[in-house]
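**Student:** Just dropping this structure here.
Quick note: the coordinates plus some simple rules give every number you see, no bench work behind them. Every value quoted in this text rests on a predicted model; they were computed, and no experiment measured them. Glycine also receives a Cβ, built like all others from the backbone with ideal geometry; neighbour counts cover every protein chain displayed.
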Amino acid sequence: MANGSTVLVVGASRGLGLALAEEWLGRGWRVIGTVRTPSSALDDLARRFPSTLEIEIVDISDAPSVEALRGRIEGRALDVLFVNAGICLANEETPSTVEERDFIDMMVTNALSPMRIVECFDDLVTAGGAIAVMTSELGSIENNEGFWELYSSSKAALNMLMKCYAARHAGDRRTMLLVAPGWIRTDMGTQAATHSIEESIPHVVDTVTASVGSAGLRFIDRFGKTLPW
Ligand SMILES: NC(=O)c1ccc[n+]([C@@H]2O[C@H](COP(=O)([O-])OP(=O)(O)OC[C@H]3O[C@@H](n4cnc5c(N)ncnc54)[C@H](OP(=O)(O)O)[C@@H]3O)[C@@H](O)[C@H]2O)c1
């Protein structure tokens with residue numbers, strides 16, 4: 001995709017989303033990056049890229065906030081919609097020990113809300129564009145080894161909802177991606193993670209960009225390798 005293409009990165013305040021915004025800006029793209037509350041890191045990026053980074057506000061789990069953003073960017077053409085926002089709570093708990101509220105919040109933030117963003121913004125994505133959602137290797141049922149099981153369940157639910165969305169949009173020529181970034185050192189990934197942000201995000205951006213033009217849904221890792229559902 002050419003310089004001057006536009007990506008909407010939902011959840012760009014820190015971690016992988018902030019790095020996605022920076023990577024695409026460095027490649028000459030226009031980026032609309034969203035935050036829930038002001039992010040000094042994204043503000044710093046806006047000072048480096050004053051003409052190509054726009055900062056918007058949205059809480060993906062708050063319907064009026066989502067509708068307000070949709071209204072503000074009405075008429076824009078998105079080459080890539082990338083829904084990155086997510087949370088991880090109670091990662092060591094099990095169904096018998098988790099606070100029900102934590103499980104509900106993860107299911108809403110990680111599965112329902114990203115898909116509501118996709119449904120709400122998909123008509124802004126160009127005919128040759130891509131709709132991408134950040135999932136996780138842990139969302140693979142086949143590869144499951146019981147790690148962070150409640151979070152994993154929320155990402156498996158996200159994968160299922162994206163599959164249902166793709167089925168409802170059979171014949172859509174656009175690229176649909178569930179992207180697993182690897183286990184990465186961020187607030188969520190923790191310092192115990194195996195890889196740095198720099199070892200993930202440039203590959204994610206390469207993979208999304210290279211996938212454009214291939215219609216249909218794929219569940220892939222950062223290198224573009226297909227993962228088992
Ligand atoms: N790090 C990993 O190892 C790893 C591995 C696999 C998948 N992932 C996925 O990658 C994505 C980013 O993870 P990360 O490691 O960068 O996590 P992170 O550092 O905790 O950042 C999470 C991002 O999501 C945003 N967010 C959370 N809830 C939101 C909401 N309701 N509305 C809008 N934005 C919201 C946060 O915004 P605030 O700053 O406002 O909280 C922040 O920008 C997530 O979907 C995560 O599940 C991460």
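**Student:** Working only within the stretch 16-55, note down all residues that are basic (Lys, Arg), in contact (Cβ under 8 Å) with a residue 12 or more places away in the chain, surrounded by fewer than 18 Cβ atoms within 10 Å (Cβ to Cβ) and over 23 Å from Met106 (Cα atoms).
**Tutor:** Taking the stretch 16-55 and keeping what is basic (Lys, Arg), we get 27, 30, 36, 47-48.
Checking which are in contact (Cβ under 8 Å) with a residue 12 or more places away in the chain leaves us with 27, 30, 36, 48.
Checking the rest, the ones that are also surrounded by fewer than 18 Cβ atoms within 10 Å (Cβ to Cβ) come to 27, 36, 48.
Selection gives Arg27, Arg48.
**Student:** So, one more: For the stretch 56-79, name all the residues that are touching a residue at least 40 places away in the same chain (Cβ under 8 Å), outside any helix (DSSP H, G or I) and among the aliphatic types (A, V, I, L, M).
**Tutor:** If the condition is that a residue be touching a residue at least 40 places away in the same chain (Cβ under 8 Å), outside any helix (DSSP H, G or I) and among the aliphatic types (A, V, I, L, M), then Val58, Ile60, Ile73, Ala77, Leu78 are the ones that fit.
**Student:** Given the conditions (1) touching a helix residue (DSSP H, G or I) at 6+ places or on another chain (Cβ under 6 Å); (2) closer than 29 Å to Ser214 by Cα; (3) not basic (Lys, Arg), and given that Trp29 satisfies all but one, which numbered condition is not satisfied?
**Tutor:** (1)
**Student:** Scan the stretch 82-92 and tell me whether some residue there is surrounded by 21 or more Cβ atoms within 10 Å (Cβ to Cβ), out of contact with any strand residue (DSSP E or B) (no Cβ under 8 Å at 6 or more places or on another chain) and among the hydrophobic types (A, V, I, L, M, F, W, C). Show your work before the answer.
**Tutor:** Taking the stretch 82-92 first, the residues surrounded by 21 or more Cβ atoms within 10 Å (Cβ to Cβ) are 82-86, 88.
Filter again for out of contact with any strand residue (DSSP E or B) (no Cβ under 8 Å at 6 or more places or on another chain), leaving 88.
If we keep only those that are among the hydrophobic types (A, V, I, L, M, F, W, C) as well, we get 88.
The answer is yes; a qualifying residue exists.
**Student:** Further question on the same structure: Which one is farthest from Leu227 (Cα to Cα), of the residues in the stretch 180-207 that are within 10 Å of the ligand (Cβ to nearest atom), of a type in the set (S, T, N, Q) and in contact with a strand residue (DSSP E or B) (Cβ under 9 Å, 6 or more places away or on another chain)?
**Tutor:** The qualifying residue farthest from Leu227 (Cα to Cα) is Thr194.
**Student:** Of everything in the stretch 187-202 that's touching a residue at least 12 places away in the same chain (Cβ under 8 Å) and of a type in the set (Ser, Thr, Tyr), which residue is surrounded by the most Cβ atoms within 10 Å (Cβ to Cβ)?
**Tutor:** Ser200
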